[in-house]
Amino acid sequence: MNNSRIKSTDLQARAYNLLPLGVNSNFRYWGDKITPYVDKAKGAYLWDVDGNRYIDYRMAFGPIILGHAFDEVNLKVHEEIDRAVLCAMTSELELELAELIIEMCPCVEMVRLACSGTEATMHALRVARAFTGREKIIKFEGMYHGFQDYTLFSTYSPVEAYGNINSPVPIASSSGIPKSLNELITTLPFNNLEILDKVLRRSGYDIAAIIAEPCFGNCAAIEPLPGFLEFIREKCTEYGIVFILDEVKTGFRIARGGAQEYYHLMPDIATYAKAMGNGFPIAAFGGRKNIMSIIGHGVAQGGTYNNNKPGVAAAVSTLKLINEKPILESIQYRGNNLMRGLANLFTEANIPVTMHGYPAMFSFTIGNEKVTDQRDWQGTERDYYLRLVEYTIENGVMPDHDPREPWFLCFSHSDADVDETLNVMADAVKRVKR
Ligand code: PMP
């Protein structure tokens, strides 16, 4: 295809004067003259302002589970917003949404809504601290829980900064995070039972919450080793710690009940956003009744937009579809074909590849065979991965530019899209020098 980027480059030049880096979220900046600006998206496709069409595997970083601008969801939103957009009063539709979430998500007995994944994790952390009367949090290196200050540590720094694996150092991922928060966070390598156990023996009774993504949704979809999530569950019970499972990426995507259903796991609180609303701004956190019911009894939680009608209507429509129709099964079928096809391509070219994740949300690493945490991932051939996806993007197939971000599938991806993707990646493997 060899895409033109003339209009994108013009818009970027204009945007530089208006928005820091020319974007509204740092992750959307790919670099000077290579950052695409979008015109529209429908189904599995996205068009940039230069008219180039892409098979989209970014899916807006995960929210699009049915397809871009999915008719049935948009119709429901139109219907509801003609009646009201925001009322600062609870509607029956919110109750319908809460009932759906509680039915679908194993650990959720009570739920509160929010507008973004960041808010959901922020609220969950406060509730955990209030419930336990403790302040410290454990999170895992390379995991991302949104832009609130409490867990934005050791997220995407070079791993050399994290210190020795046996005594990791929390590294703030931004200037502006108060130094005093360092005291409240312990960062540990994921998938390492011994180190977690050692830290808990020393300070388990000071910990309010262990927050974890079930897999590395923000580092190539590396999966939990068998027993690791179960170990967290067991130890949280032993030390009276609240186990917060961050399902912002996995929820309503890798299974109807997210990673909890997939791994038969019962966290105390889970956080949701993304696939819940097929792109509309809606999020939730929920969990055990005895924990959630402290909200409103000396524990503050709220937000003007928490019950915004577009988000609530979109979530009701999306979750009903996911709950009642074989949507996720269809995504799983195509995702499996794509994962298998990609693995074969690399294997046939004698390139050592490891596939990670789930058919609806996967990635792959090249080189290093043992990849169980962010430290291992950094030793993989990330530069080669980047050049491969730069080639596929040039040729109409768009996974994210960042090797940490998984490939996301939606219900609208077709068999033909999968075939075209495999053809383009086959070309990339032939043409891009390793
Ligand atoms: N948690 C996880 C696991 C995420 O992947 C993200 C976003 N990528 C967030 C929280 C934050 O969500 P949001 O961008 O909606 O604030």
Among the residues of segment 241-280 satisfying the criterion of being under 20 Å from Leu93 (Cα atoms) and of a type in the set (A, V, I, L, M, F, W, C), which is farthest from the chain's Cα centre (by Cα)? Phe280
Does segment 188-198 contain at least one residue that is out of contact with any strand residue (DSSP E or B) (no Cβ under 8 Å at 6 or more places or on another chain), closer than 23 Å to Arg382 by Cβ and surrounded by 16 or more Cβ atoms within 10 Å (Cβ to Cβ)? yes
Among the residues that make up segment 90-112, is at least one of them within 16 Å of the ligand (Cβ to nearest atom), at pLDDT 95 or above and outside any loop (DSSP other than H, G, I, E, B)? yes
Check segment 83-93 and report whether any residue there is closer than 26 Å to Thr250 by Cα and more than 24 Å from the chain's Cα centre (by Cα). yes
Assess whether Leu229 counts as being assigned to a helix (DSSP H, G or I) and either buried (at least 24 other Cβ atoms within 10 Å of the Cβ) or more than 10 Å from the ligand (Cβ to nearest atom) (or both). yes
Which ones in segment 314-326 are touching a residue at least 40 places away in the same chain (Cβ under 8 Å) and more than 17 Å from Phe280 (Cβ to Cβ)? Asn323
Answer yes or no: is there a residue in segment 239-259 that is within 23 Å of Thr354 (Cβ to Cβ) and either modelled with pLDDT under 95 or acidic (Asp, Glu) (or both). no
Spot the failing condition for Thr118; the list is (1) surrounded by fewer than 19 Cβ atoms within 10 Å (Cβ to Cβ); (2) in a helix (DSSP H, G or I), and only one is missed. (1)
Does Gly133 satisfy the condition of being among the small types (Gly, Ala, Ser) and under 18 Å from the mean Cα position of the chain (by Cα)? no
Of the residues in segment 389-413, those that are in contact with a strand residue (DSSP E or B) (Cβ under 6 Å, 6 or more places away or on another chain) and farther than 17 Å from Asp48 by Cβ number 4
When the residues of segment 90-125 are filtered to those that are charged (D, E, K, R) and touching a helix residue (DSSP H, G or I) at 6+ places or on another chain (Cβ under 9 Å), which remaining residue is nearest to Phe280 (Cα to Cα)? Glu94
Quick check, is Ala128 under 22 Å from Gln260 (Cα atoms), within 13 Å of the ligand (Cβ to nearest atom) and in the same structural domain as Gly251 (by TED's automatic domain parsing)? no
Can you pull out every residue in segment 257-279 that is closer than 19 Å to Phe70 by Cα and more than 13 Å from the ligand (Cβ to nearest atom)? Asn278
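The values are calculated or read from the model by the stated rules, or taken from the named source; none is laboratory data. Every value quoted in this text rests on a predicted model; they were computed, and no experiment measured them. Cβ coordinates were reconstructed from backbone atoms using ideal geometry, including for glycine residues, and neighbour counts include every protein chain displayed.
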